[in-house]
Amino acid sequence: MKTLKTVFTLTLILFIVFSCKNDDDDDSSNVNDTEQNQSNILGNWKFTSSTTNGVEDTDNYICDFEETLEFTSTTATDKFYYDPSEENGPNCELEETLIFNYSINGNQITQTFDNGNSFTVEIVELSGTTFKFKNVESSDTETFTYITTYTKI
């Protein structure tokens, strides 16, 4: 009987050890993995939220939440919307579409426009459902850190 209890206890311990989820097995991205980021970014994303210097932006317009990003393997299409009545209502219309080439190197996304200008942002999070990037802008007197969040659609 003692042997049976020992075997049962060992079996239970092994079951618990091997059934627990390892933190390394989650679906979040290693933001420095270029190949994983290139795979995860593909598809359509919708603007969800933004922060400035760590504070949630509360001045977004209703139509800001209609913005979409579509990533293919080499290009991205960013669609911006506005309310033509200028009353911040739900009657959003397409205002502008930007198409640009992009490349990913580690946690950096570089956008290159037709006029030759480029712009680089830092990936903060990129998983199958969430895309966050950081942009830092500095002037002589101030530095602003913007984090923009999109959700996969």
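The chymotrypsin sites (Phe, Trp or Tyr not before Pro) of region 67-153 meeting both criteria, a DSSP state outside H, G, I, E and B (loop) and at most 15 other C-beta atoms within 10 angstrom of the site's C-beta, are F113.
A viscosity of 1.306 mPa s and a temperature of 10 °C, combined with the Kirkwood radius over C-alpha pairs in the Stokes-Einstein formula, give region 32-152 a diffusion coefficient of 104 µm²/s.
Quick note: the coordinates plus some simple rules give every number you see, no bench work behind them. None of these values were measured; they are calculated from a predicted model. Quick reminder, even Gly has a Cβ in these numbers, built from the backbone with ideal geometry, and neighbours come from all protein chains shown.
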